[in-house]
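The values are calculated or read from the model by the stated rules, or taken from the named source; none is laboratory data. Predicted, not measured: the structure shown is a model, and the values here were computed from it. Virtual Cβ from ideal backbone geometry, glycine too; neighbours counted across all protein chains shown.
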């Protein structure tokens, strides 16, 4: 059952995460060795996928190239690189994290698929597949960067099916962290404000965004970012939708924000320019038809915020 009428790319992971099973090592070992269990493979952040071919023989998209879980277990060689993702009905689904310079698709996984950057292939995947792969990628990034205990500095060990790291020295437990980001479309008098960073390709404009700080609500973060980056005062903030963003592990919280003025100025630190767009201009922008300007791709929540506002009735 969909919880929202708006489902952004990387949202909608269909698996039952079965968190109550993560601490059952005997059950996890049984499922990892079960020939009916499945696994997804990630190599240096890339996902193993295969083509979807229509009845006419033409490629219509891509999908996860699943491995048998027992094969993934053998490839992992250690629990450090194996993650229990959850259940698809009664079928256990794992992920294996592969590293190294040699492409496994040209070695032990030859003929089973190819590795692709998730950002580049996401729009060709079924939404559930994109959600599953985003979860695996985010988790492996977290585990890779949290190998050492932040309390005492000792090396930690993986547990709970890959969802926890524990320090054998001080017994501190470490769990995955998601970085909350407020991303907002500022609105005033029938126009929306977009900004651009100097590092972006020429002509690209996007919604303003920033990390939520400790002790701050989403709405307060939105108001602070608008003031800091564009000198605008928010008068009302409305939630639109959210999106997991696995680079490395953020949760983008999309907002619509009314502001009290159209006098905006870029801070020249985060943003080098800001520009107001009418609805007609915004519609052309997301279609790639506004000369000299373009929006983020459809996989980004910024694109969906612009699209939602541009297409709503006045």
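Results, tabulated for the structure shown:
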| read-out | value |
| --- | --- |
| Residue list for the range 294-314, restricted to those being part of a loop (DSSP other than H, G, I, E, B), more than 16 Å from the chain's Cα centre (by Cα) and over 21 Å from residue 274 (Cβ atoms) | 312, 313, 314 |
| Residue list for the range 119-139, filter: over 16 Å from residue 65 (Cβ atoms) and in contact with a helix residue (DSSP H, G or I) (Cβ under 8 Å, 6 or more places away or on another chain) | 134, 139 |
| Which listed residue, of 262, 258, 280, is within 20 Å of residue 240 (Cβ to Cβ), surrounded by fewer than 17 Cβ atoms within 10 Å (Cβ to Cβ) and out of contact with any helix residue (DSSP H, G or I) (no Cβ under 6 Å at 6 or more places or on another chain) | 258 |
| Flag for residue 79 being under 16 Å from residue 29 (Cβ atoms), surrounded by 15 or more Cβ atoms within 10 Å (Cβ to Cβ) and outside the structural domain of residue 243 (by TED's automatic domain parsing) | yes |
| Odd one out for residue 253 among (1) crowded, with 19+ Cβ neighbours inside 10 Å; (2) more than 20 Å from the chain's Cα centre (by Cα) | (2) |
| Strands (runs of 3 or more DSSP E) lying entirely in the range 47-141 (those with 1 or more residues that are within 18 Å of residue 16 (Cα to Cα)) | 59-64, 82-88, 91-98 |
| Residue within the range 98-113 that is modelled with pLDDT under 95 and within 24 Å of residue 175 (Cβ to Cβ) present | yes |
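A quick yes/no check of all residues on (1) at pLDDT below 95; (2) over 23 Å from residue 177 (Cα atoms); (3) surrounded by 19 or more Cβ atoms within 10 Å (Cβ to Cβ):
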| site | (1), (2), (3) |
| --- | --- |
| 190 | no, yes, no |
| 203 | no, yes, no |
| 206 | no, yes, yes |
| 214 | no, no, no |
